[in-house]
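K.L.:
Handing you a structure now.
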Amino acid sequence: MKKLTALLLILWTTQIFGQIRAGAAFLKMPPGSRLQSMGNSVTALLDDHHVVFANPASGSYLREWYWSASYTKWIAGINNASLLAGKSLTTPWSRRTQFNLGWLYQGVGEFDSSEKSAAQVSANDWVLSVNVGQPLSFLSQQLAVGVDAKFLSSKLAQYSAYTWVFDSGLMYRTPRFTLSRNPNSLFQHGIVSIGLSAANMGEPLRFIRQSTPLPREMRAGVAFYAGRHNGVQVQLAADYHTRRDEREHLGFGAEVSWDERFAIQGGYNSSNDLLEKYSFGLSLRLDDLNSPLSSVLPGKNNALRLDFASMNEQDFFHHTYRGTVSHFPIGPEGFEFVTPPSDTKVYSDSVMLSCQVSREPDLFDGVKYLLLFDHDSSKVAQKLDLLKLNAGHYLQAPDTDLMMTVKDLQAPQAPATDLTGGDYYWAMVAYDADNHIRLANKGHRVIDHFKVPMADLIAEDVTFEHNAWITTDDYHGKLRVRLSNMGQHWAKDVIYAVYDSLQTAAPHTVGSYEKKALRTGHLPVMLPGESRFLTIDWNTPHLGKHSISVEIKTRQPIEELDKSNNQIVKSFYTIPKGLFAAQDTMQIITAITRSFALPIITEVCFDTNATHVKDEYLLKKIVDPPLDILSERLVKHRNIHIHLQGFIDPNSGETDPDLANRRAEAVRDSMLHKGVLAEQISILPGVVLAPRYVPSNPEDARWVFEERRFVKITTDDAHVPVLFSPLNYVDVENITSPALFNSDIKSAVALQRGVVTLQTETVQDSLLLESPSRTRVHGPITWEIPVHDYFKKSPWINQQIQYVVHLTDSLQRTFRTYPRSFLPIGKAELREHTVAFPLQFNKTDPLYSFYWASILESIEEIFTDPHKRFRFFGHACAIGNASYNLRLSEERALSFHDSFLKYVEQNYPNVFNRIVRRTDSAKGYGESKPLGVIRSSGETVLIGENNLPTGRKFNRRIEINFYTVNR
């Protein structure tokens, strides 16, 4: 019955009145005898492995490895056991992360809870724990956090429950501070630590249907340590606890130890558990300095600690005993070499030898460092063997036969100076007050190595980075010089020089062969493996092949590995030099214009017995077709009315009078199709012409009869000047000139390719350069600009054209000129203006009288230019004899000339004399000059084609030709 009562009170519901609902009381009892003996006031303790169950952050301050085992004989046959182990590891995020694993067990043997009415049962709890402790080095070396993850299994008879339990904690410890500077003082140093934790968080235990919450706990604690390493050490601790469904309580603990070998603890806890509130304990530590079997147990640089704790007997419970054994290291912790990197080459006469800081786990002990440094690795290894054999003896009087031995370093670093070439080996040893030692390492290596590589000055290389621009100055590009010390040691007081001399002058040039210094200089020191790069602007007026030599040496006599490489000579060719240019402005195109005032054709001729309107009246060939022009004017002037009257020719075999009307209707329909209103057109009755004699020439007869099959277009006299005013026609002859460039570019080597690129903002073109000399681009270069019509907008004319010359030589070097530009312009020039007046067949009078006034308008324009004159030309069509037509055209010209002067004298007497002085003699050409344009190139643009009725009507004309006298 006593077992059952204890089981119910201790393991599950620790209050006899049922007021506390939390279960899993097993979690309230952290393992470890020392924790129990200090009244469980351990939230801020720094030096006990079991504190991770009270504050997971304490794991961050534990030793680099340990193991610990505890056993507790509880009351009424209840037993408790634990096993704990930990190790610090290097992780990607931290040099030191502590990992701890724990296993806790508490069980009750078989017991009878039914007064022998049922079989005996047993009960047990066990926990598997994983702890991670991490210093927050990025914030402070003194601050740490930790977390626990625990798997809890609880079993009673045939019933069991499982859950995950989580703890977290935060801990801060001060650096060790000085309490007294008196070396004989009892308390020389002090440390304060503060801890916070939250424990037993997770899902409740569930037995069958009933859920039992975990005893969630919040803890806060503070601890104070005072003492010295070889002497008395005192530890005081206080904790504040609050648990689910329990009142708050306090705990206090204290420990006094001597030389960390023997300690006594005591504690008080105000918890209302039925156990005794007071506890006490004892500890004994055996290490490699006081254990009789130190080489075996606990081992070199290790310690074994035994802890015992007990609580007083009460009326209900017997004495409770707990024992713990722990094994852990007591020397400086591992650390690694840092600088210089292993097996590296040091290009300096000094270097800082440094390692990571080693951590001393004992609170009142410290770490110092010993540096061993020499050319001979075996000598360094020998000293390390002596240290391992008897560290205390060696540290009292270290050997001095090494290059450098430095003792009592406060930090793991020291400078090595005045280094010469060769291999160097070094070791760093951390040791504490008890002469425990730890060697710096890198993997399995405990002796690190670096090399200070004899000077070897080298004029290593010289290259030529040619200037890509073609200019007229003497700059050719940049010489890149590389000077190096590839030896094993630095070189001081280094001087260098770079020289230029002409080997072979380029064609078409004259050069000097004198040697010239391009650059001299001084370098105070060149470290081993160091390279210096010089950039030199190469200027020379002498085109051709040059020798560039580079020399390097020291003013001080030093031993070099190889002096034959102190000079280098290389040959380079200069770049092309010269000019390629055009005038800023060039006239590229001239538009020679010849304007004509042509008569309007008012008769539409037809094929025999046909009513179809021919294409020459509707479609444009050179000039606009007659019906188009008349229709446009009628559409523009809706008030004008026209008459259409058809004619048929009996000589052509046409006898049907209605054919004339149908022809008029065909013309009307064509004009209606072009937008003329029906009410603007009236059709007069058709006419049958009287037969006429037949010309003897069949061609003449055909043409004469063709012009007798027609529709005549008339209008009121008032509208004649508007409707039948002359048609303006302008002929443009575009004469182009190439763009001209002057060039003279010389090259030291043959040119393989030359191209001129030309471009505006919208178009581009290229011009291939060809030169009789492969080493020179010389003479005028022309480019035909792709433009053919001045009056059509061109992307080239009146646009700045940028041009660049691109050259490639036989060395595959490419060059170009700086972009330049020129402005191509065009010009329009009116050569002549001709007014053509239509004449009736075989007549000399103009068809319309309003032409006289239009002539006067044109003549007034010439008065502003003293170089302009005019003249009258008579022409005839090809019908009839050529001699007759010549005579007829002369009569027309003379008649028109005389009639015109009389008209001017009568109507404009004030300008009569001026006009007479500007008028040339009239001339007739017969049928030899059909209406057309004869261009400067000799090309003829024919307007008056004699095989067409419209052409013959154009050719029966009088021309007033306005022209400019050559200046």
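The values are calculated or read from the model by the stated rules, or taken from the named source; none is laboratory data. Bear in mind that the values here come from a model prediction, so they are computed numbers and not experimental data. Cβ placement follows ideal geometry from the backbone for every residue including glycine, while neighbour counts extend to all protein chains displayed. Ligands, DNA and RNA are stripped out before the accessible areas are found, and what is left, the full protein with its side chains, is counted by its heavy atoms. Shrake-Rupley method; radii C 1.70, N 1.55, O 1.52, S 1.80 Å.
K.L.:
What does the charge add up to near Gly926, with Lys and Arg as +1, Asp and Glu as -1, over the other residues with Cβ less than 14 Å from its Cβ? Intermediate results must be reported in sequence, preceding the final value.
P.N.:
Details: positive: Arg887, Arg892, Lys923, Lys929, Arg952, Arg956, Arg957; negative: Glu890, Glu891, Glu927, Glu959.
Combined, the nearby Lys, Arg, Asp and Glu give +3.
K.L.:
Rounded to the nearest 0.05, what FRET efficiency is calculated for Asp493 and Tyr172 with R0 set to 56 Å and r the Cβ-Cβ distance? Let's see the in-between values first.
P.N.:
Numbers: r = 57 Å, r/R0 = 1.02.
In this case the efficiency is close to 0.45.
K.L.:
When only Cα pairs under 8 Å and 6 or more residues apart are kept, what is the percent relative contact order across segment 337-452?
P.N.:
40 percent
K.L.:
With a ≥ b ≥ c taken as the square roots of the eigenvalues of the C-alpha gyration tensor of segment 855-967, please select rounded if a/c is under 1.5 and otherwise prolate if a/b is larger than b/c or oblate if it is not? Write out the running numbers ahead of the final one.
P.N.:
Values: a/c = 2.42, a/b = 1.51, b/c = 1.60.
Note, shape of segment 855-967 comes out oblate.
K.L.:
Longer than 32 Å from Cα to Cα, which of Lys868/Lys953; Lys345/Lys388; Lys712/Lys793 are they? Say none if no pair is. Mind dumping the intermediate values first?
P.N.:
Working: Lys868/Lys953 29 Å; Lys345/Lys388 30 Å; Lys712/Lys793 41 Å.
Beyond 32 Å: Lys712/Lys793.
K.L.:
Using Cα pairs closer than 8 Å and at least 6 residues apart in sequence, work out the relative contact order for segment 617-753, in percent.
P.N.:
Details: 162 pairs, mean separation 40.2, N = 137.
Relative contact order here is 29 percent.
K.L.:
May I have the extent of the alpha carbons of segment 480-608 along their three principal axes, as whole Å values ordered from largest to smallest?
P.N.:
Here the spans come out as 119, 34, 29 Å, largest first.
K.L.:
Sorted from largest down, what three extents in whole angstroms do the Cα atoms of segment 679-821 have along their principal axes?
P.N.:
Largest to smallest, the principal-axis extents are 92, 42, 20 Å.
K.L.:
Moving on to the next point. Which whole-angstrom value gives the distance between the alpha carbon centres of segment 232-252 and segment 765-808?
P.N.:
Here the two parts' Cα centres lie 99 Å apart.
K.L.:
Can you work out the FRET efficiency for the pair Thr964 and His508, with r the C-beta to C-beta distance and R0 = 35 Å, to the nearest 0.05?
P.N.:
Details: r = 49 Å, r/R0 = 1.39.
Here the calculated transfer efficiency is 0.10.
K.L.:
May I ask you to compute the full-extension gain from Arg914 to Asn728, defined as 0.36 nm times their residue separation minus their alpha-carbon distance, rounded to one decimal in nm? Intermediate results must be reported in sequence, preceding the final value.
P.N.:
Details: separation 186, 0.36 × 186 = 66.96 nm, distance 2.63 nm.
Residue separation times 0.36 nm, minus the Cα-Cα distance, leaves 64.3 nm.
K.L.:
Counting only helical runs of four or more DSSP H residues, what would the 222 nm mean residue ellipticity of the chain come to if each run contributes -39,500 (n - 2.57) and the total is spread over all its residues? Each step should come with its number before you reach the end.
P.N.:
Working: 12 runs with 123 residues, N = 967.
Computed mean residue ellipticity for the chain: -4000 deg cm²/dmol.
K.L.:
Next up: Run the accessible area of the chain with a 1.4 Å probe and give the carbon-and-sulfur part as a rounded percent.
P.N.:
Values: 24280 of 45210 Å².
The nonpolar share, carbon plus sulfur, comes to 54 percent.
K.L.:
What FRET efficiency do you get for Arg261 and Asp562 if R0 is 60 Å and r is their Cβ-Cβ distance, rounded to the nearest 0.05?
P.N.:
On the way: r = 67 Å, r/R0 = 1.11.
For Arg261 and Asp562, the calculated efficiency is 0.35.
K.L.:
Output the Cα-based Rg and Dmax of segment 337-452 in Å, rounding Rg to one decimal and Dmax to a whole number.
P.N.:
Spelled out, the Cα radius of gyration and Dmax of segment 337-452 are 13.7, 44 Å.
K.L.:
May I ask you to list the residues of segment 898-935 whose amide nitrogen lies under 19 Å from a point 7 Å from Cα along the Cα→beta-carbon direction of Asp717?
P.N.:
Those under the cut-off are 903, 907.
K.L.:
Can you list residues from other chains, or at least 5 along the same chain, whose modelled amide H is less than 5 Å from the amide H of Asp259?
P.N.:
Close amide H contacts, sequence-distant or interchain: Gly231, Val232, Gln233.
K.L.:
Determine, for each peptide in 887-900, 695-708, the mean count of other beta carbons within 10 angstrom over its residues, then list the peptides with the highest first. Walk me through the intermediate numbers first.
P.N.:
Numbers: 887-900: 19.6, 695-708: 15.7.
Per-residue mean Cβ counts within 10 Å order the peptides as 887-900, 695-708.
K.L.:
With every protein chain present, what is the per residue accessible area of the chain (1.4 Å probe, Å²)?
P.N.:
Per residue, the chain has 47 Å² of solvent-accessible surface.
K.L.:
Which entry in (i) 2.03; (ii) 1.43; (iii) 1.07 matches Cα Rg over 2.2 N^0.38 Å derived from the coordinates of this structure?
P.N.:
(i)
K.L.:
List the relative contact order of segment 457-575 as a percent without decimals, with contacts defined as Cα pairs under 8 Å and 6+ residues apart.
P.N.:
Details: 297 pairs, mean separation 42.7, N = 119.
Relative contact order comes out at 36 percent.
K.L.:
Taking the Cα centroid of segment 380-424 and of segment 158-191, what is the distance between the two, rounded to the nearest whole Å?
P.N.:
Here the two parts' Cα centres lie 36 Å apart.
K.L.:
Note the full-extension length gain between Gln210 and Tyr71 as 0.36 nm times their separation in residues minus their Cα-Cα distance, in nm to one decimal. Intermediate values should be presented prior to the final figure.
P.N.:
Values: separation 139, 0.36 × 139 = 50.04 nm, distance 3.17 nm.
Full extension from Gln210 to Tyr71 adds 46.9 nm.
K.L.:
Considering all alpha-carbon pairs of segment 878-940, what whole percent are spaced by more than 14 angstrom? The partial results should precede the final answer.
P.N.:
On the way: 1319 of 1953 pairs.
Cα-Cα pairs of segment 878-940 separated by over 14 Å account for 68 percent.
K.L.:
On to the next question. Would you mind telling me the antiparallel percentage of the DSSP bridges in segment 600-716, rounded to 5? Present the calculation step by step, with values, prior to reporting the outcome.
P.N.:
Details: 8 of 14 bridges.
Bridges in segment 600-716 that DSSP calls antiparallel: roughly 55 percent.
K.L.:
Debye calculation, C-alpha points only, no solvent: report log10 I(q)/I(0) for segment 112-236 at q = 0.09 Å⁻¹, in the same order as the q values.
P.N.:
So the normalised log intensities are -0.49.
K.L.:
Highest first, please rank the peptides 364-376, 678-690, 604-616 by the mean number of other Cβ atoms sitting within 10 Å of their residues.
P.N.:
Details: 364-376: 19.5, 678-690: 14.6, 604-616: 17.2.
The peptides rank, most packed first, as 364-376, 604-616, 678-690.
K.L.:
Sort out for me the Cα centre separation of segment 432-453 from segment 467-512, rounded to whole Å.
P.N.:
That distance is 51 Å.
K.L.:
Please compute, for the alpha-carbon atoms of segment 541-627, the extent along each of the three principal axes and give them in descending order in Å.
P.N.:
For segment 541-627, the Cα extents along the three principal axes come out at 122, 28, 19 Å.
K.L.:
Could I have the simple spin-label model distance between Thr608 and His673, label points 7 Å from Cα toward Cβ, reported in nm to one decimal?
P.N.:
Placing both labels 7 Å along Cα→Cβ, they lie 2.6 nm apart.
K.L.:
With the crude spin-label approximation of a point 7 Å out along Cα→Cβ, what separation in nm comes out for Ala517 versus Asn79?
P.N.:
Placing both labels 7 Å beyond Cα along the Cβ direction yields 9.8 nm.
K.L.:
Still on this structure, I have one more. At 7 Å along Cα-to-Cβ for each site, give me the label-to-label distance between Ser348 and Tyr818 in nm.
P.N.:
The answer from the label model is 4.7 nm.
K.L.:
Show me the ranking of peptides 169-180, 657-668, 574-585 by mean Cβ neighbours inside 10 Å, starting with the highest. Kindly include the intermediate steps, with their values, before the conclusion.
P.N.:
On the way: 169-180: 16.3, 657-668: 20.2, 574-585: 18.5.
Going by the mean number of other Cβ atoms within 10 Å, highest first, we get 657-668, 574-585, 169-180.
K.L.:
Can you bin every Cα-Cα distance in segment 600-716 into 10 Å intervals starting at zero and give me the percent of pairs per bin, rounded to whole numbers?
P.N.:
14, 44, 30, 10, 1
K.L.:
Turning to a different aspect of this structure: Using only the C-alpha atoms of segment 314-391, find the volume of their convex hull and express it per residue in Å³.
P.N.:
Working: hull volume 13.0 nm³, N = 78.
Cα-based convex hull of segment 314-391, divided per residue, equals 167 Å³.
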